[in-house]
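Taken together, the values in this text are just the output of simple stated rules run on the coordinates, not laboratory data. Just so it is clear, the structure is predicted and the values come from calculations on it, not from any experiment. Cβ: placed from backbone, ideal geometry, glycine included. Neighbour counts: every protein chain shown.
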Amino acid sequence: LTGGEGTMGVGNNGEFIYSPAVNGDDSVWTQNGLLLADNTQAPGFPTGTINTFNSRPTMIPSGTAHWVSGFNETGGTTTEGRMLYSSPGALTSTTSIVLRSDDVIDGLAIDRPSGVGFDYNISDDGSQHIHDLLMDTGGTIDDDAVYLNGSLIARESFPNGSGIDNWDNFDSMSINNAGMYAFSGDTDGATTSDEFIAVNGVIAIREGDTIGGVTLASTASVGAVSINNLGHVAHIWSFSGGEALFFACDATDIALGSTLMLAVGDEVDVDGNGSADATVTDFNATNTAGPGLLLAEDGQIFVEVDLNYGASDLEAVIAVAAPTCAVAAINEIRTDQPSADNDEYFELTGMAGVSLDGLSYIVIGDGTGGSGVIEAVIPLTGTTIPGDGYFLALEDTSIYTPSADLILSGAGNGINFENSDNVTHMLVRDFTGANGDDLDTDDDGILNVTPWSAIDDCV
């Protein structure tokens, strides 16, 4: 085994894939050993079709491997076309073709020899696929396209929705389990504003914009973009005067919601002793060999950088802690129901499948202690946002129970909200108080006690 690309992947149980040379042959190698080498039979093709290269290996958490390969149908060594392979368990016996040159999508064939691009992303659960493809259009001015789950959703020379220019080319790709996606590239407009990041097919940031207090000055370009399963996004830009990593809690609001996380020239503490150890001298994110950026759901941004410890630069992967983001919001409340309060409820909205562990729904009103008294506490640990993105909580007397995600029973269950009074409904983290606590002990309208670590939403 010699060498290896910068692109590689790991699974949740120690699985891995990378692309070294094996006895001189361009290959992919996993925890099981050799998966595929060039100059051998190409899986999924008629006998005699030869594999010509193996590149851009990735792996999703389950251990399923993906990579781009080339083929030659006459047994030669030159690449006549490309394919994207998938291999559950990273086994030769499970290897199959996902996409290949000549496949027809929306009436166009994937071009030969290089139509299956190197920029692609598979969601963590394997259900979503975004890919940069070249299509056989008979020319080069309109052949680049973004593929999403069986369709082309953006094409070179076609309008991009801005009303001022068209799509031109595409680079970094990222998609999450819910199908939220982002890609970068250029438009055919002015070179001072042509570089972009699009989210769900809509351009969200352009070269020339100011985000997180940083102006993406002319010649700015995107190094990488990563969306996680909570809908958060991390993105790297290089621009006149530097390079920087940004983070936003809401991928659909990255223009206004992005925060500067790390920039070239910043000092970092890599050993946790509270003192700076090295200076960031470069971000190694690239569209030519691996993204160099991964945003996890645990609040960590993993990024490949160069660090200078005072003598020379060393390449490193570091974890940058992202700000805490709200995972859900209060969408609807039914309160002050006439007569008996049997059908009152609250509804939250958020990303499908997101855990509500650590969250509590509380209501602050008045009581014997005056204003600022907690009147309801509903712990949400153990629940998740369902597939439709809406979480409904009510009591067992409600007529809406068939639609509920959380049903509470018994007196004092918290859903019988107070009528005809000023109340505050809150979604909070790590609640340590109790029903009946007085949080505004001097009744001046300012809370004296805040028994939570963060507020996700309030009404």
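Can you give the FRET efficiency for residue 13 and residue 444, using 1/(1 + (r/R0)^6), R0 = 51 Å, r = Cβ-Cβ distance, to the nearest 0.05? Walk me through the numbers on the way to the answer.
Working: r = 55 Å, r/R0 = 1.08.
With a Förster radius of 51 Å, E is 0.40.
Residue 77 to residue 190: extension gain in nm, 0.36 nm per residue of separation minus the Cα-Cα distance? Mind showing how you got there, number by number?
Working: separation 113, 0.36 × 113 = 40.68 nm, distance 4.14 nm.
Length gained, residue 77 through residue 190: 36.5 nm.
Output wanted: per-residue J couplings in Hz (rounded whole) for segment 204-217, from phi through Karplus 6.51 cos²θ - 1.76 cosθ + 1.60, θ = phi - 60°, x for Gly and Pro.
10, 9, 10, 3, x, 6, 10, 10, x, x, 10, 8, 7, 5
Please list, ordered by chain and number, the residues whose modelled amide H lies under 5 Å from the amide H of residue 209; skip anything fewer than 5 residues away on the same chain.
Under 5 Å from the amide H of residue 209 lie the amide H atoms of 216, each far enough along the sequence or on another chain.
Take the alpha carbon atoms of segment 348-403, find their center, do the same for segment 256-282, and report the distance between the two centers in whole angstrom.
38 Å
What's the FRET efficiency of residue 388 with residue 435 using the Cβ-Cβ distance as r and R₀ = 30 Å, to the nearest 0.05? Before the final figure, lay out each step's value.
Details: r = 30 Å, r/R0 = 1.01.
With R0 = 30 Å, the Cβ-Cβ based efficiency is 0.50.
Given the rule -39500 (n - 2.57) for each run of at least 4 DSSP H residues, summed and divided by the residues of the chain, what is its mean residue ellipticity at 222 nm, to the nearest 500 deg cm²/dmol?
Working: 1 runs with 4 residues, N = 459.
Dividing the helical sum by the residues of the chain leaves 0 deg cm²/dmol.
Give me the extension gain from residue 217 to residue 342: residue separation times 0.36 nm, minus the current Cα-Cα distance, reported in nm with one decimal. Mind showing how you got there, number by number?
On the way: separation 125, 0.36 × 125 = 45.00 nm, distance 5.82 nm.
Extra length available between residue 217 and residue 342 comes to 39.2 nm.
Rank by packing, highest mean first: peptides 271-279, 164-172, with packing defined as the count of other Cβ atoms within 10 Å averaged across residues.
Values: 271-279: 11.0, 164-172: 19.7.
Highest-to-lowest ranking by the protection proxy: 164-172, 271-279.
Whole Å is fine, so just give me how far the alpha carbon centre of segment 120-156 lies from that of segment 64-87.
18 Å
So what J values fall out for segment 191-197 if you push phi through Karplus, 6.51 cos²θ - 1.76 cosθ + 1.60 with θ = phi - 60°, rounded to Hz, Gly and Pro as x?
Values per residue, Gly and Pro as x: 5, 7, 8, 8, 6, 8, 10 Hz.
So for the pair residue 273, residue 162, with labels modelled 7 Å out along Cα→Cβ, what separation do we get in nm?
The two pseudo-label positions are separated by 4.8 nm.
Label-point separation (nm) for residue 140 and residue 253, each offset 7 Å from Cα along Cα-to-Cβ?
4.3 nm
Taking amide hydrogens as modeled 1.01 Å from N in the peptide plane, which residues meet the under 5 Å criterion relative to residue 4, leaving out close sequence neighbours?
21
What is the distance, in nm, between label points placed 7 Å from the Cα along the Cα-to-Cβ direction at residue 421 and at residue 105?
With each label placed 7 Å out from Cα toward Cβ, I get 5.8 nm.
Any chance you could run the full-extension gain for residue 210 through residue 21? It's 0.36 nm times the residue separation minus the Cα-Cα distance, nm to one decimal.
On the way: separation 189, 0.36 × 189 = 68.04 nm, distance 4.37 nm.
Result for the pair: 63.7 nm of gain on full extension.
Here are some values of semi-axes √(5λ) of the Cα gyration tensor in Å: [x] 40, 27, 20; [y] 39, 34, 20; [z] 47, 26, 23. Which one was computed from this structure?
[z]
Label 7 Å along Cα→Cβ of residue 458; segment 349-366 residues with amide nitrogen under 18 Å?
359-366
Show the residues, 5+ positions off or on another chain, whose built amide H is closer than 5 Å to the amide H of residue 115.
82
Tell me, what ³J(HN,Hα) does each residue in segment 323-331 have, in order and in whole Hz, if you take phi through Karplus 6.51 cos²θ - 1.76 cosθ + 1.60 with θ = phi - 60° and put x for Gly and Pro?
For segment 323-331, the Karplus-derived couplings read x, 5, 10, 5, 9, 8, 9, 6, 9 Hz, x marking Gly and Pro.
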